[in-house]
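Beneath this line is the structure, given in structure tokens, with notes to follow.
FYI, it's all coordinate maths here, none of it is from the lab. Since we're looking at a predicted model, the values are computed, not measured. Heads up, the Cβs are rebuilt from the backbone with ideal geometry, glycines too, and the neighbour counts pull from every protein chain shown.
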Amino acid sequence: MGESATKWVKVIDQGRCIGCHACTVACKAEHDVPIGVTRTYVKQVETGHYPSVSRHFQVTRCNQCEDPPCVPVCPVTAMFIRPDGIVDFDREVCIGCKACMAACPYDAIYISPESHSAEKCNFCAHRIDQGMEPACVAVCPVDAILVGDIGDPNTEVSRIIGRGKVDVRRPEKGTSPKLYYASDTTFARQVRGAGARTQPTGLWSDPPAIGPQRATSPAATMAAAMLAYDIPHHAPWDWRVSAYTWTKSIAAGAFAVPALFMAGASTAATIIALIFLGLTGILLVSDLSHPERFIRVLTRPQWRSWLARGAYFVSFYGLVLVIALFAPGAMRWPGIVLGALTAVYTAFLFAQSKGRDLWQNPLLPLHLLAQALLAGGAVAVLLGGAPTALGIGLGVHLALTVSEWLVAHPTADGARAFHNMVARTGYRIGVALTVLALLVTWAVPPLAALAGLAGLLLYEHAFVQAGQSVPLS
């Protein structure tokens, strides 16, 4: 067991699960999981109307994906795949950036209040290496949890999966989960819908009509399923990430816009860019649960992570800005290029967050570039420059904002997140300020600059927080 040829998978028969939570307790005991967080839990869902009422259970944990999004997004390789397919973690390496939490479509990762590192179910890899079963498997009183080698056709998991009566959660994410749910056709709808199609009230939108008391009428069959037990999961990225996208836009645009439109940035513009780039770094480091480890992003980067790539873009851009204070002409084009990369890399970082459907927007790089143009144009106006760049930035930003209303979102989660965004008062005020700024750009440029920057900040906060507002578990 544990050889490289072995590929471990897990099958959960939720028809057998009795909701005793023994797996949750065993996991906490085995891994000394602190109070307030959990690696595995059993969600309870009640369906139907009296007297035809049923209770169903969903065992929720890390899906041990074949293509886990938490691994490439980690900037320091704290999340990794073992040769036997188990997705494991190293709490001593983790910097606490929470990118893996944003990337996981199953809401299976948490920041431990004790280690301050990202942790999750790791298949009890230490027990597997000793030839033992995971703790949850060993304690389940009804054998609802099975593990085995998918590459061995003689294992029970291979036979179950081979019969085809299994399903996985959120297959549309392309993660190829290795956590299978043994289910009939009706129950499969529940598994697929978990976290993807639940309503804000906690109801299933396409509830299963299964269990010991099956519904006898179409109305009862489609009756809402009430979520009776769940685990609260909070958004991993708070206001600091929203603010960082704003300060980064100003840092990128303050130098690049005058360098592009005015054949060179002034010393004042370069200093402003440096100040806001410094604020960007402070916000990023302060958001880490291990801020003392931030240097690891540069010393042991994981190059598939756009967070690691972005750290280098920001660092080199800062170096260019320092040199530009003494040799502005020589740094014009390097500053423009690195400023643009600094502005747009976050779009690709958000795209790596597969669980956040609002952020899966192919126009997001263009939108971030327009926001940098807006911010840089505003700085240029406040320094006495022409409002041309500001007007263009405001126009493109507003056009892309309006386009979000006109294009249908491909997923239910994306539509819900968009609805949550536009329902925010800050979003509406931000759009109103953007419209005001565009209307007075050439009449009162300083007012347009200030209104545009304020509107951009409110929009960014609404966008980042709404993207995390839809529950995934």
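Overview of values
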| read-out | value |
| --- | --- |
| MRE, 222 nm, helices only [DSSP H, n ≥ 4, -39500 (n - 2.57), over the chain, to nearest 500] | -14500 deg cm²/dmol |
| Cross-link pairs LYS10/LYS43; LYS7/LYS43; LYS120/LYS178 - those with Cα-Cα distance over 21 Å | LYS7/LYS43 |
| Stretch gain in nm, segment TYR229-HIS49, where the contour uses 0.36 nm per residue and the Cα spacing is subtracted | 63.0 nm |
| Contact order relative to length of the chain, as percent, for alpha carbon pairs under 8 angstrom and 6 or more apart | 17 |
| P(r) weight above 18 Å for the range 26-166, C-alpha pairs, percent | 62 |
| For the range 239-466, the fraction of alpha-carbon pairs in successive 10 Å shells from zero, as % | 9, 34, 36, 19, 3, 0 |
| Pair LEU363, ASP152: separation of 7 Å Cα→Cβ label points (nm) | 5.3 |
| Cysteines having no other Cys beta carbon under 4.7 Å from their own, within the chain | CYS17, CYS20, CYS27, CYS65, CYS74, CYS94, CYS97, CYS104, CYS124, CYS140 |
| Förster-model FRET efficiency, 51 Å R0, ASP143 and VAL322, C-beta, rounded to 0.05 | 0.20 |
| Candidate aspartates and glutamates - alpha carbon under 13 Å from LYS98, same-chain residues fewer than 8 apart omitted | ASP107, GLU119, ASP238, ASP287 |
